[in-house]
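Laboratory data are not the source of any read-out in this text; all were calculated from the coordinates shown. Please read all numbers here as calculations on a predicted model, not as lab measurements. Reconstructed Cβ throughout: ideal geometry from the backbone, glycine too, with neighbour counts over all protein chains shown.
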Amino acid sequence: MSAATKDIKRITTHILQQMKQDGEKISMITAYDFSMAKIYDDAGVDIILVGDSASNVMAGHETTLPITLDQMIYHAQAVVRGVSRAFVVVDIPFGYYQSNPTKALDSSIRIMKESGAHAVKLEGGKEVKEAVEKIIASGIPVMGHLGLMPQSIYKYGTYSVRAKEEDEADKLVHDAIILQEAGCFAVVLEKIPATLATRVSADLHIPVIGIGAGGGCDGQVLVSHDLLGITKDFNPRFLRRYLNLYDTVKDAVVRYIGDVKSGDFPNENEQY
Ligand code: KIV
């Protein structure tokens, strides 16, 4: 955590806005359970996202589509219990906001009331404008998400870089402005060219958080399981792995199994 934000008891949308104005980069990471969220919060991360990537990394689904609102609330409740400083954002899962703004508001109210989180996130621009406005009118902060939107994976057919062509880039710029005007406090840009993300970050007055969108954004987010090396087969260019936890954990469990089999564990000091 930086010197400027070290003494802050709780990160708020207002502080995130101030960080953008001051040029202080915003750190964001995903979490899905109490224990890990507590570690990330103690480390001083600014935003914790209870991402619908839980569908992939926690439940083992191929996409984010199957996770339910009840499951997201369960993860969010656990995360909120572990966090005292970070701002906690929860993804509204696929199918719980697209059909109409009232459904979007009802889903958001359930997330806020039942989990104690601080904001919700949803994917899309113009298509979700009314939903965003309705949620914000009820007092719930909304984070937008543009570029690669994993809930639309079957529309794209691929997880490759988005908005490389002029038409899609123009729509993204337009959508980012729509989200800002609708009242979003921040926007995530996923897997788009760095030049485009830099331009959007400069154009918007709200913070822009990038994932695979280059260093010109106001902050960065990574899926914790990728950053820690728990996932092994996901190796996009944008990912920096800070640990190889898959092998570390596996080695520890292999040693434990060996000790149990050989009778070395438990020893005399490890029994009553
Ligand atoms: O669900 C998620 O983890 C996300 C991040 C990739 C931004 O939306």
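The stretch between residue 160 and residue 203 holds 13.0 nm of extra length on full extension. This uses 0.36 nm per residue minus the Cα-Cα distance. Between the beta carbons of residue 70 and residue 271, assuming R0 = 35 Å, the FRET efficiency works out to 0.25 to the nearest 0.05. Working ranking of peptides 14-22, 82-90, 127-135 by packing, defined as the average number of other Cβ atoms within 10 Å per residue, highest first, is 82-90, 127-135, 14-22.
Fully extending the segment from residue 262 to residue 234, taken as 0.36 nm per residue of separation minus the present Cα-Cα distance, adds 6.5 nm. Taking the C-alpha atoms only, the angle from helix 101-115 to the longest principal axis of the chain is near 30 degrees.
Neighbour counting of Cβ atoms within 10 Å sorts the residues 94, 238, fewest neighbours leading, into 238, 94. How far, in degrees from 0 to 90, does helix 245-262 lean away from the longest principal axis of the Cα atoms of the chain, to the nearest 10? It works out to around 20 degrees. In a fully extended conformation the segment linking residue 7 and residue 126 would gain 39.0 nm over its present Cα-Cα distance, using 0.36 nm per residue.
What shape does segment 13-241 take by its C-alpha gyration tensor, where a ≥ b ≥ c are the square roots of the eigenvalues and a/c under 1.5 counts as rounded, a/b above b/c as prolate, and the rest as oblate? Verdict is rounded for segment 13-241. Within a straight-line Cα-Cα reach of under 17 Å, residue 164 can be paired with the following lysines, leaving aside sequence neighbours fewer than 8 residues apart in one chain: 155, 191.
Can you give me the angle between helix 166-182 and the longest principal axis of the chain, using Cα atoms only, in degrees from 0 to 90, rounded to the nearest 10? Between the helix axis and the principal axis of the chain, the angle is about 90 degrees.
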